[in-house]
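Below: one structure, written as structure tokens.
What follows draws every value from the coordinates through simple rules; no lab data is involved. Treat the numbers as computed from the prediction; the structure is a model and nothing was measured. Here the Cβ is made from the backbone with ideal geometry for all residues, glycine too, and neighbour counts use every protein chain on show.
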Amino acid sequence: MRLVDSHCHLEYDGLVDDQPGVLARARAAGVGAFLNISTKRSEWDQVIATAEREADVFASIGIHPHHADDHQHVTEEDLLAAAAHPKVIGLGETGLDYYYDRSDRSAQQRLFRRHISVARETGLPVIIHTRDAEEDTAAILGEEMRKGAFPALIHCFTASEVFGTKVLDLGLSISMSGIVTFKNARELADFTARIPKDRLLVETDSPFLAPVPHRGKPCEPAFVADTARFIAELRGVSEAELAETTTANFNRLFAKAVA
């Protein structure tokens, strides 16, 4: 049984100080690949260096909406140049966050569209963060899809079923984190049980959001096995089948990892 942690932050405090141990524990738990996510320009070299050093670690390059105000200078050309690296397989995380509003909403939207344009040109998936911004996220995705299709993923899905249905209809995939295991996430669990088999991925978003039974601890990529086990039970399939399905979906969406 080989799982993929489709979204982790291996350079963040709580993981980077014991990165070899973190990776070893995850591999022992059945994790066969990791997508190490960047959130600002200063992290791009770090995630790429880790991917160069570790054969089963891949990188994404992008700007989180929290940092949009400070990264308006990042151009499509900058993203394209970094995305050319053979271990860079995704763009993001990017998107919209109106919960914290740490950056101007127009600035967030501009950078989000910039990532989408590069996704359309390269074929690399956009890794999307959205919080309290369902209407604008769906509107931008719809507008941009009409300009030309591009691959994309909603990471750490916590939105409404209405939004989930919209993005699925647009052809996006959805990744579930440990939040789905929380006792107060019943509606999210119900929706997770109904996500089409070919659109479902799993992640940790570590070092955040440790799943049950690890609540209160720093999250590690190894814990994706606990989230996968919970989702397998929700969907009435074996852990092995859930792992096979989500890994196949990752490899299809992030096809550059296989290539």
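Number of residues in the range 99-109 that are surrounded by 13 or more Cβ atoms within 10 Å (Cβ to Cβ), of a type outside the set (D, E, K, R) and assigned to a helix (DSSP H, G or I): the value is 3. Restricted to the range 26-50, and to residues there that are hydroxyl-bearing (Ser, Thr, Tyr) and closer than 28 Å to residue 200 by Cβ, the residue that is farthest from the chain's Cα centre (by Cα) is 50.
For the range 83-98, a residue qualifies if it is part of a strand (DSSP E or B) and charged (D, E, K, R), and the qualifying residues are 93, 97. Taken over the range 28-59, residues that are more than 23 Å from residue 83 (Cα to Cα) and buried (at least 16 other Cβ atoms within 10 Å of the Cβ) amount to 3. Counting the residues of the range 122-139 that are part of a loop (DSSP other than H, G, I, E, B), touching a residue at least 40 places away in the same chain (Cβ under 8 Å) and among the acidic types (Asp, Glu) gives 0.
The residues of the range 110-142 that are under 20 Å from residue 73 (Cα atoms), crowded, with 20+ Cβ neighbours inside 10 Å and not hydrophobic (A, V, I, L, M, F, W, C), listed by number, are 114, 115.
Identify the residue in the range 51-63 that is part of a loop (DSSP other than H, G, I, E, B) and touching a helix residue (DSSP H, G or I) at 6+ places or on another chain (Cβ under 9 Å) and, among all such residues, is farthest from residue 2 (Cα to Cα). Please lay out each step first, then the result.
Filtering the range 51-63 for residues part of a loop (DSSP other than H, G, I, E, B) gives 54-56, 62-63.
Still in the running and touching a helix residue (DSSP H, G or I) at 6+ places or on another chain (Cβ under 9 Å): 54, 56, 62-63.
Working: 54: 17, 56: 12, 62: 27, 63: 29 Å.
Across the range 51-63, the extreme among qualifying residues is 63.
Considered as a group, the residues in the range 1-59 that are without any contact (Cβ under 8 Å) to a residue 12 or more places away in the chain and among the charged types (D, E, K, R) include one that is farthest from residue 258 (Cα to Cα), and that residue is 17.
Against the criterion of being crowded, with 18+ Cβ neighbours inside 10 Å and among the acidic types (Asp, Glu), residue 187 does not qualify.
Within the range 1-20, how many residues turn out to be surrounded by fewer than 24 Cβ atoms within 10 Å (Cβ to Cβ) and assigned to a loop (DSSP other than H, G, I, E, B)? Working first, answer last.
Narrowing the range 1-20 to residues surrounded by fewer than 24 Cβ atoms within 10 Å (Cβ to Cβ): 1-2, 9, 11-20.
Right, trim to assigned to a loop (DSSP other than H, G, I, E, B) and you get 1-2, 9, 11-15.
Residues that pass the stated criteria total 8.
Consider residue 23 against the criteria (1) within 27 Å of residue 131 (Cα to Cα); (2) surrounded by 15 or more Cβ atoms within 10 Å (Cβ to Cβ); (3) among the aliphatic types (A, V, I, L, M); (4) more than 17 Å from the chain's Cα centre (by Cα): it satisfies all of them except one. Which criterion is unmet? Failing condition for residue 23: (1).
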